[in-house]
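So the structure is just underneath, and the comments pick up after that.
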Amino acid sequence: KVDVMVNQLAIGKISYVSSKRFEFSGRIKSAAYKSFNFADFIVTYKSNKLTVDGGFSTENNFYVDAAISGTDLVLKEMNELIPKVSQNLEKINFEGKVNISAKAVGFWNNKHHPFVYGEFDVRGGKSELLTDKSIASVNMKGSFSNGKGDINKAFITLDSYKVNTNFGDFEGKFTLTNFNNTRISLFSNFNLF
């Protein structure tokens, strides 16, 4: 069990963590200090607990094959760990709870970056974008990928979202890709009061 300050964690051009404190607890099984596998391993960030499975190998370069998951996480706190690869994403902050599962697989060195893919669902969120508090709740399911560390291939997809407001309901799908030259795909239905 250890408290760690992570100065920086980056995959390719995408920075995931900068100056954040975590608590790590659990067991690590090692084979001749060339491979490491996590057992009963928990990563804690503020009030959120994430379970880690899998591990990494240093035998032939650095190879990672690990998964992380968490339920009923505080979305506002987890939002602090989302890569801000676009200035538009800097402005987005939702309150509510989130479930998340993500996996990283592949070699990690100067030329290669692991593929990160994850899925999430948000329940009862409230956006801070609108200061008049007109959004009553936000519910969404989606996925994301780092494009193997390439911002142009990374994406965030909302497979479904539903926003309840005091002036109507909105539901649909949303995709954000190519963060250097942002591309947005949006489909929505409106039910205005």
Study note, to complete from the structure: Expressed as a whole-number percentage, the relative contact order of the chain with C-alpha contacts under 8 angstrom and at least six residues apart is 13
Check your understanding: If you take the charge dipole of the chain about its Cα centre, with +1 on Lys and Arg Cβ and -1 on Asp and Glu Cβ, which of ILE68, GLY106, THR177 is farthest toward its positive end?
Key -> GLY106
Point to revise | Low-density loop cleavage sites - trypsin sites (Lys or Arg not before Pro) in the range 1-43, where at most 15 other Cβ are within 10 Å (DSSP) | key: LYS1, LYS34
Review point. For the chain, what is the accessible area per residue in Å² when the probe is 1.4 Å?
Key: 61
Check your understanding: For the chain, what is Rg from Cα atoms divided by 2.2 N^0.38 Å, rounded to two decimals?
Key -> 1.12
Check your understanding: What dipole magnitude, in Debye to the nearest 20, does the chain give about its Cα centre under +1 on Lys/Arg Cβ and -1 on Asp/Glu Cβ?
Key -> 320
Exercise for review: Any aspartates and glutamates with Cα under 19 Å of the LYS49 Cα? List them, leaving off those in the same chain fewer than 8 positions away.
Suggested key: ASP3, GLU23, ASP40, ASP72, GLU77, GLU80, GLU95, GLU119, ASP121
Study note, to complete from the structure: With only helices counted (DSSP H, runs n ≥ 4, each -39500 (n - 2.57)), the per-residue ellipticity at 222 nm for the chain, to the nearest 500, works out to -500 deg cm²/dmol
Point to revise | Efficiency of FRET between SER19 and GLU119 - r from beta-carbon atoms, R0 25 angstrom, step 0.05 | key: 0.35
Revision key, fill the gap. Expressed as a percent, the accessible surface of the chain that is carbon or sulfur, using a 1.4 Å probe and the full set of protein chains, is 54
**Study point:** Listed residue pairs exceeding 27 Å between alpha carbons, taken from LYS1/LYS111; LYS29/LYS97; LYS1/LYS103
**Key:** LYS1/LYS111; LYS29/LYS97
Review point. Per-residue HN-Hα couplings for the range 15-20, Karplus 6.51 cos²θ - 1.76 cosθ + 1.60 at θ = phi - 60°, whole Hz, x for Gly and Pro?
Key: 8, 9, 9, 9, 6, 10
Study note, to complete from the structure: Ordering 95-101, 179-185 by per-residue average of other C-beta atoms within 10 angstrom, highest first, gives 95-101, 179-185
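The values are calculated or read from the model by the stated rules, or taken from the named source; none is laboratory data. Only a predicted model underlies this, so the values are computations on that prediction, with no experimental measurement involved. Cβ sites come from the backbone with ideal geometry, for glycine too, and all protein chains shown count toward neighbours. What goes into the accessible areas is simple: the full protein's heavy atoms, side chains included, and nothing from ligands, DNA or RNA. Shrake-Rupley method; radii C 1.70, N 1.55, O 1.52, S 1.80 Å.
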